[in-house]
4 protein chains.
Amino acid sequence: MADKLIDSEITINLTSLNHQLEKPWTIVNEKLHKEFICGDFINAFSFMTRVAIYAEKANHHPEWSNIYKTVTIDLTTHESNGISHKDFDLATKIEKTSGC
Amino acid sequence: MADKLIDSEITINLTSLNHQLEKPWTIVNEKLHKEFICGDFINAFSFMTRVAIYAEKANHHPEWSNIYKTVTIDLTTHESNGISHKDFDLATKIEKTSGC
Amino acid sequence: MADKLIDSEITINLTSLNHQLEKPWTIVNEKLHKEFICGDFINAFSFMTRVAIYAEKANHHPEWSNIYKTVTIDLTTHESNGISHKDFDLATKIEKTSGC
Amino acid sequence: MADKLIDSEITINLTSLNHQLEKPWTIVNEKLHKEFICGDFINAFSFMTRVAIYAEKANHHPEWSNIYKTVTIDLTTHESNGISHKDFDLATKIEKTSGC
């Protein structure tokens, strides 16, 4: 099981994740959170397809929603009852895709 | 522009839509709402792919969210400021897919 | 029904389509043909998802194949028994996606 | 590396895979082969989405093509220079999806 990260670990990982990102991830309701604005619905759903494949491959899935060109992602690790390294790993992969 | 339906029209359309459905659509926050429980994440995302294609084809997109095998769909017509026949048309198409 | 284009029309449309493209579309076996090399399988399938949505929306579908990061697309209009403007329209949309 | 199966092993695995399948997989050009006829393009692409996720998760990808509602899948293991257990594993997963 992935350990729940303590606040100081979250801060370090968040700083590292957000380094060189135009738009940062934030912590909202104790989840790793970011809203992506894509060009249109097709690009938004294509982005979601990449994220879905990454997620299933890592066996770690997002809580996410979509309205037209906006994709909102919240990451938490249910079995750890908080944010774990799995969430930062998935966020890192999401950022490495060619965007949306 | 699709006209916003009045309450009595929504009731008639909802009865028709829900006819023979195991689990009904409901009206939540003035939106046409249903939660789909699929077998697993892969089936949930495959279901979302079908809905995404239908939606883009109809140029009418859902407000939706996904957590693992659950897909929650809310339909409203923004330019009509309420539920229109477009929402019932999309819900009907969603139900006609082979499910999730 | 979309008319089958004659050779001189195909040449004009092809020149226009390929203008400013790094890699051109060609005519192979009387079909509009191009091979796309994406970064990896996930990017290839994400690209295919965009093309699939465009295709269904236009009600005009590609003949295509995929091996890992390669997507090969052949466009023809069956009911016209050759290449029509529908094929050039779909190729144009494919090129306008953010690539693969 | 997955070992290339010898003919007698392929026969045994193929019999097991095809058991209770309405339409069998066959060996074509030394690849594990099957053509799936789905209801329409949307169902075909939705089926491909499930297969794509399975494939990436197993890090073993199909050679496949699609024309409208037909999806043709050929499985081989390039690094083994033939059919390996990876191909039978992927075929088994493909059959376990809710079909197309």
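The values are calculated or read from the model by the stated rules, or taken from the named source; none is laboratory data. If you're wondering where the values come from, they're calculated on a predicted model, not measured in any experiment. Using ideal geometry, Cβ is built from the backbone for each residue, glycine included, and neighbour counts are taken over all protein chains shown. When the accessible area is computed, the model is the full protein with side chains, heavy atoms only, and any ligands, DNA or RNA have been set aside. Shrake-Rupley method; radii C 1.70, N 1.55, O 1.52, S 1.80 Å.
Values for this structure:
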{"read-out": "Label-to-label distance, nm, for residues given as D:GLU95 and A:ILE6 (7 Å Cα→Cβ offset)", "value": "5.3"}
{"read-out": "Radius of gyration, Dmax [chain C; alpha carbons; angstrom]", "value": "13.0, 38"}
{"read-out": "Sulfur and carbon atoms: percent of accessible area, the range B:39-100 [1.4 Å]", "value": "45"}
{"read-out": "Farthest positive-ward along chain D dipole, Cα basis, beta-carbon charges - from D:HIS19, D:HIS60, D:THR70", "value": "D:THR70"}
{"read-out": "B:ASN59-D:ASP40 pseudo-label distance in nm [points 7 Å out on the Cα-to-Cβ vector]", "value": "1.9"}
{"read-out": "Average beta-carbon neighbours from other chains, 10 Å sphere, peptide C:83-93", "value": "0"}
{"read-out": "For the protein assembly as shown: rounded, prolate or oblate by the Cα gyration tensor [a/c cutoff 1.5]", "value": "rounded"}
{"read-out": "Neighbour net charge for C:THR26 - beta-carbon separation under 10 angstrom, K R +1, D E -1", "value": "+2"}
{"read-out": "For the pair D and B, total buried accessible area rounded to nearest 100 Å², probe 1.4 Å", "value": "900"}
{"read-out": "Candidates B:HIS19, B:HIS60, B:HIS85: whichever shows maximal mean-square fluctuation once chain B is modelled as a Gaussian network with Cα springs under 10 Å", "value": "B:HIS19"}
{"read-out": "Under 17 Å between alpha carbons - lysine pairs in chain D that sit 8 or more apart or on different chains", "value": "17"}
{"read-out": "GNM flexibility winner over chain B from B:LYS69, B:LYS34, B:LYS86 (Cα, springs under 10 Å)", "value": "B:LYS69"}
{"read-out": "Inter-centroid distance (Cα atoms) of the range A:1-75 relative to the range B:51-67, Å", "value": "20"}
{"read-out": "FRET efficiency, 1/(1 + (r/R0)^6) with R0 41 Å, evaluated for C:GLU30 and D:GLU30 via beta carbons", "value": "0.85"}
{"read-out": "Max mean-square fluctuation residue, GNM over chain C, Cα-Cα springs under 10 Å, options C:THR77, C:THR49, C:THR26", "value": "C:THR49"}
{"read-out": "Net charge of Cβ neighbours under 14 Å - reference D:ASP3; Lys, Arg +1; Asp, Glu -1", "value": "-3"}
{"read-out": "Inter-chain Cβ neighbour average for residues C:62-71, partner chain, 10 Å", "value": "4"}
